[in-house]
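S.K.: Right, I'll just put the structure down here and ask away after.
Nothing in this text is a laboratory measurement; each read-out follows from the coordinates by a stated rule. Everything quoted here is computed from the prediction, not taken from an experiment. Neighbour counts run over all protein chains shown; Cβ positions are idealised from the backbone, glycine included.
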Amino acid sequence: MRITKRNLELVTDRINDLTASPKIMFLGNEHNVGHYFIYYGNGGAQLCRVRSKAGTISDVLRSGSIPKRDLYNRMQAFVTGLEVYHG
C-alpha cells in the first residue's frame with residue numbers, strides 16, 4: 001500500500017477525535033491550541049501540534065521530517081496508545 005497525504009490526514013483526524021482536540025487549525029485570526037496536523041517539509045512529513053494562539057508548534061513524535069510511510073506507522077502506534085489509554 002502506498003502511503004499518501006490523504007492517509008496521513010485521516011490518521012490525524014482520528015488523533016484529533018481521540019484527544020478531543022480542535023479539528024481546524026485556525027479560530028478567527030488565532031491558531032487553535034491543541035490541534036494536531038501534518039507539517040510537510042524537507043522531503044518528508046511530521047506530526048505536529050499547535051501549542052499557542054500565536055502559532056507555536058511542537059513535533060509530537062520527536063521524529064523530525066521523515067518519509068510518509070515511517071510517519072504513518074508511528075502515528076498508527078500513537079493511535080493504538082491513545083485507544084488503550086482512553087479505553
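S.K.: Given the conditions (1) in contact with a helix residue (DSSP H, G or I) (Cβ under 8 Å, 6 or more places away or on another chain); (2) more than 23 Å from Tyr85 (Cα to Cα); (3) hydroxyl-bearing (Ser, Thr, Tyr), which single one is not true for Ser63?
M.R.: Going through (1) in contact with a helix residue (DSSP H, G or I) (Cβ under 8 Å, 6 or more places away or on another chain); (2) more than 23 Å from Tyr85 (Cα to Cα); (3) hydroxyl-bearing (Ser, Thr, Tyr) one by one, Ser63 breaks only (2).
S.K.: For region 62-87, give me each residue that is hydrophobic (A, V, I, L, M, F, W, C), closer than 16 Å to Asn7 by Cβ and either in contact with a Phe, Trp or Tyr (Cβ under 8 Å, 6 or more places away or on another chain) or without any contact (Cβ under 8 Å) to a residue 40 or more places away in the chain (or both).
M.R.: Ile66, Ala77
S.K.: List pairs: first in region 13-29 and among the hydrophobic types (A, V, I, L, M, F, W, C), second surrounded by fewer than 12 Cβ atoms within 10 Å (Cβ to Cβ), Cβ under 7 Å, 6+ apart or cross-chain?
M.R.: What qualifies is Leu18/Glu83; Leu18/His86.
S.K.: Specify which of the listed residues (Asn7, Asn32) is free of Cβ contacts under 8 Å to residues at least 40 places away in the same chain and surrounded by 16 or more Cβ atoms within 10 Å (Cβ to Cβ).
M.R.: Being free of Cβ contacts under 8 Å to residues at least 40 places away in the same chain and surrounded by 16 or more Cβ atoms within 10 Å (Cβ to Cβ) holds for just one of Asn7, Asn32, which is Asn32.
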